[in-house]
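As structure tokens, the structure follows; a few thoughts come after it.
The numbers here are math on the coordinates, done by the rules we state, and not lab data. Quick caveat, the model's predicted, so the values are computed rather than measured. Methodologically, a virtual Cβ is constructed for each residue, glycine included, from the backbone with ideal geometry; neighbour enumeration extends over all protein chains shown.
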Ligand code: FNR
């Protein structure tokens, strides 16, 4: 069974992307085991001096969780037209490990925003970074959850709009097939 890890790019308690990430668990197709990966909020800001003193336990624990999945779904907001700093920081830490927990794994991206563009601009930036990590990116179909306040319930972690729910479920089925084709 393919294990798809879900990484949420926001640390916020009432995050829209957190709601979408929770909803993704219930929308995964048969044959997939969704794994909610831990928050990267405890990782220090990357500094090679810290690494030189020994990889922090928080980084090792995070990397172990990421290493245990076969593929990753990134569910993230866009910050200033790009990748949220915390998410980039987590990837920077993972990139210092060998074996690299992301290398060679399929990846898909959902961007989430209350705005009309749906965080469209984070895709290019995040794909760029993930590509550098050796991830195999499913570029299409793209998922931008625009106007997310009207489509997600942050208390329940559910998708409230039928069309959006169906589209996200179909995207996950496509991603599962994409992953299967690469195993
Ligand atoms: C934002 N927001 C935002 N939205 C967007 O569509 N494009 C952007 O470039 C930005 N930039 C940005 C920078 C910073 C530092 C913050 C805090 C916010 C708004 C953002 O989409 C909104 O706050 C979301 O609700 C954040 O995502 P979560 O935490 O709800 O998942």
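Considering only the chain, what is the antiparallel percent among its DSSP beta bridges, to the nearest 5? Don't skip to the answer; put the middle values down first.
On the way: 3 of 23 bridges.
Percentage antiparallel, nearest 5: 15.
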Can you work out the PRE-style zone for residue 82? Point 7 Å along Cα to Cβ, and I want the residues of region 100-130 with backbone N under 12 Å.
122, 125-126, 129
Compute the helix-to-body angle for 57-67: its Cα long axis versus the longest principal axis of the chain, expressed 0 to 90° and rounded to tens.
50
Which one, 147, 31, 119, has the greatest fluctuation when you compute a Gaussian network model over the chain with C-alpha springs under 10 angstrom?
31
GNM on the chain, C-alpha springs below 10 Å: top fluctuator among 98, 173, 39?
98
If you build a Gaussian network model of the chain, linking Cα atoms that sit under 10 Å apart, which residue out of 129, 159, 72 swings the most?
129
Starting from 0.36 nm per residue, how many nanometres of slack lie between residue 57 and residue 153 once their C-alpha separation is accounted for?
31.2 nm
Taking a spot 7 Å from the Cα of residue 163 along the direction of its beta carbon, which residues of region 1-45 have an amide N less than 12 Å from it?
none
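State the extension gain, in nm to one decimal, for the chain segment bounded by residue 50 and residue 128, taking 0.36 nm per residue of separation less the distance between their alpha-carbons.
Length gained between residue 50 and residue 128: 25.5 nm.
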Neighbour-count ranking [beta-carbon atoms within 10 angstrom, fewest first] of 46, 62
46, 62
For region 90-139, what size does the Cα cloud have along each of its three principal axes, sorted from largest down, in whole Å?
40, 20, 13
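What translational diffusion coefficient, to the nearest whole µm²/s, does region 5-71 have by Stokes-Einstein, given a Kirkwood radius computed over alpha-carbon pairs, a temperature of 10 °C and 1.306 mPa s viscosity?
Calculated translational D: 117 µm²/s.
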Two decimals is fine: what is log10 I(q)/I(0) at q = 0.08, 0.15, 0.16, 0.19 Å⁻¹ for the chain, from a Debye sum with one equal scatterer on every Cα and no solvent?
-0.23, -0.82, -0.94, -1.32
